[in-house]
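Remarks on the structure that follows.
The values are calculated or read from the model by the stated rules, or taken from the named source; none is laboratory data. No experiment lies behind these values; they were computed from the predicted model shown. Glycine gets a Cβ as well: all are built from the backbone with ideal geometry, and neighbour counts include every protein chain shown.
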Amino acid sequence: MAQRFRLGTRGSPLALTQAGLVRDALMAAHGWDDVDIVVVSTTGDRVQDRALAEIGGKALWTKELDRALLAGEVDACVHSMKDVETIRPAEIAIAAMLPRADVRDRLIGVDTVDALPHGAVVGTSSPRRRAQLLRHRPDLEIVLFRGNIDTRLGKLATGEVAATLLAAAGLERLGRHDTGVAIETHVMLPAPAQGAIGIETLADSPALALVQAIDCPTTSICIHTERALLAALDASCHSPVGALARREGDGITLAAELLTEDGSEHVTGVIAGEDGPTLGRELAADLLARAPASVRHLFGG
């Protein structure tokens, strides 16, 4: 290459680790000596004292990276797919996804949710985790908990909260394999696209084909299935939703859950078939049709 390939990324320790995984995959696929990693500061990283839904939603993680990509400052951008808006600019394509990591949440501070004392304070910035916790333990006090993994674990260590929840994938990528206890997906469905690293390029760029060479087809179809569900739900950062698609033989099974913000009401569903995006749209329609009004008004119904 006349110029080394440039990967845009956020600057958090986890984001840099994920960019390193993409760099290594590209180097292995194409025999390159190196790939440049370009750090782009995002609003989501700079503003840590408010919930994302209050200050712009998922775009806070992507808009500056989108700008760098559209301006030609980078050839591709690395994202945690659960942080990428459902509707993306037409000029930008999701070119590839690395093999998905552990999709589960980990509970840190206690071994089980039941072990928390009555009225215990639990920190999370996720409406989904908040609703799922309150569904099981309505006595808990849920407080806003933002920052990178080390920041959150530091707040836990100083006693600001009794427990918190973090994605197993992020902890493992940072070498924290023994931190927390994994919660099985039949107990707590993860966020749609949790555990997946995606790489975006311009839709008409030569970089698209270069990045497609490292795509994991199984991960891609599962993530696109979950994102189709989100799109059909018209879900926002305020919408508590869990979803998980799995490849089983030639087919796909998609499970999802919609909840009220306080977890007092919910609706669940499972669907199986061969076309992921169609499954996402069909399950979304089914869930909205069966959901109580208190749930439906948080989504597209």
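Quick notes on this one:
- In the range 271-299, the residues that are exposed (fewer than 15 other Cβ atoms within 10 Å of the Cβ) and in contact with a Leu (Cβ under 7 Å, 6 or more places away or on another chain): 273
- As a summary of the residue check, residue 294 satisfies the conditions (1) over 22 Å from the mean Cα position of the chain (by Cα); (2) closer than 30 Å to residue 141 by Cα; (3) not in a helix (DSSP H, G or I) except for the one numbered (3).
- Options 281, 246: the member that is in contact (Cβ under 8 Å) with a residue 24 or more places away in the chain, among the basic types (Lys, Arg) and out of contact with any Ser or Thr (no Cβ under 8 Å at 6 or more places or on another chain): 281
- Enumeration of residues in the range 217-276 that are within 15 Å of residue 287 (Cβ to Cβ) and assigned to a loop (DSSP other than H, G, I, E, B): 234, 235, 239, 240, 260, 265
- Of the candidates 275, 262, the single residue that is on the phi < 0 side of the Ramachandran plot, acidic (Asp, Glu) and touching a residue at least 24 places away in the same chain (Cβ under 8 Å) is 262.
- Considering only residues in the range 176-223 that are of a type in the set (D, E, K, R) and closer than 30 Å to residue 157 by Cβ, the one that is farthest from the chain's Cα centre (by Cα) turns out to be 178.
- Residue 215 vs. criteria out of contact with any Lys or Arg (no Cβ under 9 Å at 6 or more places or on another chain), modelled with pLDDT under 95 and over 20 Å from residue 130 (Cβ atoms): no
- On inspection, residue 76 qualifies as surrounded by 22 or more Cβ atoms within 10 Å (Cβ to Cβ), more than 18 Å from the chain's Cα centre (by Cα) and in contact (Cβ under 8 Å) with a residue 60 or more places away in the chain.
- Looking across 98, 153, 166, one residue alone is under 27 Å from residue 78 (Cβ atoms), surrounded by 17 or more Cβ atoms within 10 Å (Cβ to Cβ) and in contact with a Gly (Cβ under 7 Å, 6 or more places away or on another chain). It is 166.
- Residue in the range 102-110 that is buried (at least 20 other Cβ atoms within 10 Å of the Cβ), among the charged types (D, E, K, R) and in contact with a helix residue (DSSP H, G or I) (Cβ under 6 Å, 6 or more places away or on another chain) present: yes
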